[in-house]
Amino acid sequence: MIKAGILGATGAVGQRFVQLLADHPWFEITSLAASERSAGKKYGEVAKWRLDTDLPESVRDIAVVSTRPEEVDADIVFSALPAEEALKIEEDFARAGFVVSSNASSHRMDEDVPLLIPEVNPEHLGLIEIQKKKRKWDGFIVTNPNCSTIMMVMTLKPLMGFGIESVHVATMQAVSGAGYEGVPSMAILDNVIPYIGGEEHKMETEPLKLLGEFDGKAVKNAKFWVSAACHRVPVMDGHTMSIWVRSKERPSAEEVKNAMLKFDPRLGDLPTSPKKALIVRDEPDRPQPRLDRNQGRGMSVSVGRIREGQDGAIQYVCMGHNTIRGAAGASILNAEVLKKKGYL
Ligand SMILES: NC(=O)C1=CN([C@@H]2O[C@H](COP(=O)(O)OP(=O)(O)OC[C@H]3O[C@@H](n4cnc5c(N)ncnc54)[C@H](OP(=O)(O)O)[C@@H]3O)[C@@H](O)[C@H]2O)C=CC1
Ligand SMILES: N[C@@H](CC(=O)OP(=O)(O)O)C(=O)O
């Protein structure tokens, strides 16, 4: 078993890591780290457990440590730290020789850090050697994208052959994306909030790196543009988005559907990879978060309503589980690929 630590283990995403790693066949939780407020106390006392499965017994009595590398016993650390804290702490861990699989945004756009979706750009892992050499680190950092970006980019990947020119997207994002204390119930019930700080910029920039080409030295960004509008809606889990894609080749809805149906990333049999990365639905009223977010144990992205728009764009809806495929599950799948490819 590979020894795994979780940084930010008591938080919303940290708890998802604990839930998904507790019975993982390759990783064993050996350290749980959080702020000085929690350090020294038992995990079961300080983690206000809010998931709909029980707190795993195996972690209840583990003493939480602080996020200093010398206190953490692990080969890999999964980071669910707030971005401001992750910036330095993740570097401290990589410098100290740890593999860091991060869900935080701090290092995503660093030119020597892989921003990874295993089904989309596994070749970007070539940046690891460049990162280690440049920074003189024994360890390294690999990141997963923003939760909305992940869902959208998984649907764009099979369309790249049509010559994408532009993408418009409007999101409807679940409240869990902001964390338990993030959006007061008085603000979101009976309401839609048309603003999520920083989200539109992430959706407009991260896809270009993810779908860019790695030439052995650097990633050259993909050459199309994305325009995003992000909204918070009163849904617990599951980010839904309406997407309009304009391409040079002007494919029909049928051709787009077939490209998505044929999308086979050939990841092999990794514990967290779903049987189908994309699930294409024909019903006129799907996907829906409540019905579709747990497809592929929360790791599949569901697509529906693929149709030709008025201006030659292809229009569709996609949806995925934001704290599993969009956060903890994404980092764990990244780590499984690292293991499979011999980086771990
Ligand atoms: N919620 C979501 O769906 C998603 C979140 N993310 C990203 O994941 C990260 C975590 O988000 P979330 O789980 O919602 O956040 P939470 O606020 O719920 O949890 C934060 C965690 O970090 C710890 N922490 C806070 N400050 C420090 C510090 N100074 N030093 C060390 N540890 C600290 C907290 O410990 P303590 O309990 O002791 O305070 C807690 O364990 C963020 O970067 C967020 O942007 C990404 C995608 C989705
Ligand atoms: N902002 C996202 C969650 C998040 O924290 O994203 P990021 O990993 O890019 O910081 C949401 O609300 O739903």
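The values are calculated or read from the model by the stated rules, or taken from the named source; none is laboratory data. Only a predicted model underlies this, so the values are computations on that prediction, with no experimental measurement involved. Neighbour counts run over all protein chains shown; Cβ positions are idealised from the backbone, glycine included.
Return the residue satisfying two criteria in turn: it lies in the range 24-44 and is of a type outside the set (Ser, Thr, Tyr) and out of contact with any helix residue (DSSP H, G or I) (no Cβ under 9 Å at 6 or more places or on another chain), and of such residues it is nearest to ligand 1 (Cβ to nearest atom). Give the derivation first.
Step one: list which residues in the range 24-44 are of a type outside the set (Ser, Thr, Tyr), which gives 24-29, 32-34, 36-37, 39-42, 44.
Narrowing the set further to residues that are out of contact with any helix residue (DSSP H, G or I) (no Cβ under 9 Å at 6 or more places or on another chain) leaves 25, 36, 40-41.
On the way: Pro25: 24, Glu36: 7, Gly40: 11, Lys41: 9 Å.
The extreme case among them is Glu36.
Of all residues in the range 260-279, which are outside any loop (DSSP other than H, G, I, E, B) and buried (at least 20 other Cβ atoms within 10 Å of the Cβ)?
Of everything in the range 260-279, those that are outside any loop (DSSP other than H, G, I, E, B) and buried (at least 20 other Cβ atoms within 10 Å of the Cβ) turn out to be Met260, Leu278, Ile279.
For the range 92-128, give me each residue that is touching a Lys or Arg at 6+ places or on another chain (Cβ under 8 Å), surrounded by fewer than 19 Cβ atoms within 10 Å (Cβ to Cβ) and farther than 30 Å from Phe263 by Cα.
Across the range 92-128, the qualifying residues are Asp92, Arg95.
Between Glu85, Glu91, which is closer than 22 Å to Lys3 by Cα and within 16 Å of ligand 1 (Cβ to nearest atom)? Steps first, please.
Details: Glu85 fails: closer than 22 Å to Lys3 by Cα.
The unique qualifying residue is Glu91.
Looking at Gly329, Gly298, can you tell me which residue is within 13 Å of ligand 1 (Cβ to nearest atom) and under 13 Å from Leu278 (Cα atoms)?
Values: Gly329 fails: under 13 Å from Leu278 (Cα atoms).
Gly298 is the lone residue from the list that is within 13 Å of ligand 1 (Cβ to nearest atom) and under 13 Å from Leu278 (Cα atoms).
Please tell me if Ile150 is out of contact with any helix residue (DSSP H, G or I) (no Cβ under 6 Å at 6 or more places or on another chain) and modelled with pLDDT of 95 or more. Working first, answer last.
Numbers: out of contact with any helix residue (DSSP H, G or I) (no Cβ under 6 Å at 6 or more places or on another chain): no; modelled with pLDDT of 95 or more: yes.
Spelling it out, it is not the case that Ile150 is out of contact with any helix residue (DSSP H, G or I) (no Cβ under 6 Å at 6 or more places or on another chain) and modelled with pLDDT of 95 or more.
Go through the residues of the range 51-72 one by one and say whether even a single one is hydroxyl-bearing (Ser, Thr, Tyr) and within 12 Å of ligand 1 (Cβ to nearest atom).
Within the range 51-72, one or more residues are hydroxyl-bearing (Ser, Thr, Tyr) and within 12 Å of ligand 1 (Cβ to nearest atom).
Conditions: (1) part of a strand (DSSP E or B); (2) free of Cβ contacts under 8 Å to residues at least 40 places away in the same chain. Gln131 meets all but one. Number of the miss?
(1)
Name every residue in the range 60-70 that is more than 29 Å from Asp138 (Cα to Cα) and surrounded by 14 or more Cβ atoms within 10 Å (Cβ to Cβ), in order of residue number. Before the answer, list the steps.
Just the residues of the range 60-70 that are more than 29 Å from Asp138 (Cα to Cα), to begin with: 60-61.
Correct list: Arg60 only.
For the range 88-120, give me each residue that is within 12 Å of ligand 2 (Cβ to nearest atom) and of a type in the set (D, E, K, R).
Restricting attention to the range 88-120, the residues satisfying the condition of being within 12 Å of ligand 2 (Cβ to nearest atom) are 102-109, 115.
Of everything in the range 88-120, just one residue is within 12 Å of ligand 2 (Cβ to nearest atom) and of a type in the set (D, E, K, R), namely Arg108.
Just the residues that are buried (at least 24 other Cβ atoms within 10 Å of the Cβ), touching a Ser or Thr at 6+ places or on another chain (Cβ under 8 Å) and either of a type in the set (Ser, Thr, Tyr) or not in a strand (DSSP E or B) (or both), please, taken from the range 300-332.
If the condition is that a residue be buried (at least 24 other Cβ atoms within 10 Å of the Cβ), touching a Ser or Thr at 6+ places or on another chain (Cβ under 8 Å) and either of a type in the set (Ser, Thr, Tyr) or not in a strand (DSSP E or B) (or both), then Asn322, Thr323, Arg325, Gly326, Gly329, Ser331, Ile332 are the ones that fit.
List the strands (runs of 3 or more DSSP E) that sit entirely inside the range 149-259 and contain at least 1 residues that are among the basic types (Lys, Arg).
Values: elements: 164-173, 225-232, 239-247.
Because the criterion is at least 1 residues that are among the basic types (Lys, Arg), the strands (runs of 3 or more DSSP E) in the range 149-259 that meet it are 225-232, 239-247.
For a quick check of your reading: which helices (runs of 4 or more DSSP H) sit entirely within the range 8-122 and have at least 1 residues that are in contact with a strand residue (DSSP E or B) (Cβ under 8 Å, 6 or more places away or on another chain) and either within 22 Å of Tyr343 (Cβ to Cβ) or among the basic types (Lys, Arg) (or both)?
Details: elements: 12-21, 43-46, 57-60, 83-95.
Helices (runs of 4 or more DSSP H) meeting the threshold: 12-21, 57-60, 83-95.
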